[in-house]
Amino acid sequence: MDGARINAWHTLVHVCRNWRYVAFRSPRRLNLQLCCKARTPVRELLDIWPLLPIVVKVYGYEPWDEGSIIAALEHNDRVCDFHLARVSSAQLEKVLAVVQQPFPALTRLHLGSQDEKAPVIPDSFLGGCTPRLQSLVLDRIPFPGLPTLLLSATHLIHLDLWRIPHSGYISPQAMVTCLSALTSLKSLAIKFESPQSRPDRRSRRSPLQGRILLPVLTDLHFKGVGEYLDELVACIDAPLLDNLEITFFHQLSFDTPYLTQFIGRTPKFKTHEQARLAFSKCDVRFTLPLMSGGRLMLVIACSPSDWKLSCLVHVCSSFIPQALILTVEHLYVIEYRRSPPDWQDDIENGQWLELLSPFTAVKDLYISHEFAPRIVPALQELVGERVTEVLPALRTLFLPELQQWVGSTRKIIDQFIALRQLSSHPIAVSRWTFGS
């Protein structure tokens, strides 16, 4: 909520004495708060109004009076919401110096640094205890002692750890331990700044015999290396999860058996009618949309087009549980329109067929303008006994601008249709405009 809305009650208490009396008689029921922003004269504000909860909202791109903000934070028993984003290391250090004692009323905390090397938050931060905290966002903030603090945050609903620097690395085992206390958690984001943050292979252990339960978790976002997420979810059950978004730094192989099992045992990921294979300039994406509005999405950062294709082949053949692949009836092969890929021309037809081969239940195949000239020629190899080796259930091939398909490419399409007809697996070709 922005400062203007938080301070909207100021108008009401100036209408008349009766309104002022009613408002200040029930401040909690009316959720009255004092908002301290970058240029707020905090000391004057605190002298004028009653002892109301304090909201501090400061952004580093604005000129702000550090002394004034520190004055607000000194009322640690009243600060309920603290939002400090895009600040320099020097500014952050000054603020951290005054938040080493407990903040018993704090329910929302957002700290974000604009510097690559922000100061490490000490274990004494917030007195090591946040019993009422419901939302925590740390952006580029190194805080190795976070698991200890989270053990006290038993009412936490949202936990977002963005761009975790290597100096703030927290092991999967430590993260699981603190998550075990967060049974009210609905959304979780763990995003590392670089692939340097990874478990030590020499110290990797087998998952614990038992798993912790996150009974109301619906959203899980991760960015990092596969080994980390594999160790993390090996120890977690999340029965209500319906939005899992994963971004891996570039890797051609996926040694993540526990992650595959986690996806397989999550109830809302059991069946999917639709899958999307999307290519962009700097990554490749595999997406399974859910009927509930959520999705299972895997993004792999890579640039060379042959690497993109190899990554997707591996994802579809071994990473995603095959039980899910076998439920897909509508398959889209598209480019990511905001950042279209730079594609090489030396991709072999067999690589495209290898990508499509796991999708044996697909009835409708949609191919965008970028990939139609690359995939359609691969279908020419499906002759004789191989005609139903790939996409045996295919009924309709959706291609862009059918009238533009002439010459050899049109012959390939016609030949493929004829061979499918002879094999008693007929298909139709229809026009499809990507984005329609």
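The values are calculated or read from the model by the stated rules, or taken from the named source; none is laboratory data. The model shown is predicted, which means the values in this text are computed figures rather than measured ones. Reconstructed Cβ throughout: ideal geometry from the backbone, glycine too, with neighbour counts over all protein chains shown. Just so you know, the surface numbers come from the protein's heavy atoms only, side chains and all, with ligands and any DNA or RNA stripped out. Shrake-Rupley method; radii C 1.70, N 1.55, O 1.52, S 1.80 Å.
So the values come out like this:
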| read-out | value |
| --- | --- |
| Charge dipole (debye, nearest 20) of the chain; +1 at Cβ of Lys and Arg, -1 at Cβ of Asp and Glu | 1400 |
| For region 164-280, alpha-carbon Rg and Dmax in angstrom | 14.2, 42 |
| Nonlocal amide H pairs with V429, under 5 Å, H built at 1.01 Å | L397 |
| Per-residue HN-Hα couplings for region 110-121 [Karplus 6.51, -1.76, 1.60; θ = phi - 60°; Hz; x = Gly/Pro] | 9, 10, x, 10, 8, 9, 5, 10, 7, x, 6, 6 |
| Spacing of the two label points (7 Å from each Cα toward its C-beta) at S430 and A174, in nm | 5.4 |
| Backbone HN-Hα couplings from phi across region 317-334 [Karplus 6.51/-1.76/1.60, Hz, Gly and Pro as x] | 8, 9, 7, 6, x, 4, 4, 6, 4, 6, 9, 6, 10, 10, 10, 10, 10, 9 |
| Highest to lowest packing among 231-238, 322-329, 82-89, scored as the average C-beta count within 10 Å | 231-238, 82-89, 322-329 |
| The chain - percent of accessible surface contributed by carbon and sulfur, probe 1.4 Å | 52 |
| Size descriptor, Kirkwood hydrodynamic radius, that averages inverse alpha-carbon separations across the chain, Å | 25.0 |
| Stretchable slack from V216 to K411, in nm (0.36 nm times residue separation minus alpha-carbon distance) | 64.8 nm |
| FRET efficiency, 1/(1 + (r/R0)^6) with R0 35 Å, evaluated for S167 and D77 via beta carbons | 0.65 |
| Heavy-atom accessible area order for E385, E116, E227, largest first, 1.4 Å probe | E385, E116, E227 |
| Theoretical FRET efficiency, 1/(1+(r/R0)^6), r = Cβ-Cβ of D123 and C282, R0 35 Å, to 0.05 | 0.40 |
| Anchor K186: lysines whose Cα lies under 16 Å away (excluding residues fewer than 8 positions away in-chain) | K268 |
| FRET efficiency, Q100 to N349 (Cβ-Cβ, R0 60 Å, nearest 0.05) | 0.40 |
| Accessible surface, per residue, of the chain when the full set of protein chains is kept, probe 1.4 Å, Å² | 47 |
| Peptide ranges 217-223, 61-67 listed from the most packed, as the mean C-beta count within 10 angstrom indicates | 217-223, 61-67 |
| Lys/Arg +1, Asp/Glu -1 at C-beta; the chain dipole; positive extreme among V87, L182, G294 | L182 |
| Karplus (6.51, -1.76, 1.60) ³J(HN,Hα), θ = phi - 60°, over region 354-363, in Hz, Gly and Pro reported as x | 5, 5, 7, 4, x, 8, 6, 9, 5, 9 |
| Spatially proximal lysines relative to K117 (Cα-Cα < 18 Å; intrachain offsets below 8 disregarded) | K94, K191 |
| Debye, to nearest 20: dipole size of region 153-302, +1 on Lys, Arg Cβ, -1 on Asp, Glu Cβ | 100 |
| Taking the convex hull of Cα positions in region 217-363, its mean projected area over all directions (nm²) | 8.2 |
| Cα gyration tensor, region 59-189 - rounded (a/c under 1.5), prolate or oblate | oblate |
| Cα lying deepest toward the dipole's positive end in the chain, options L326, L46, G264, charges on Cβ | L46 |
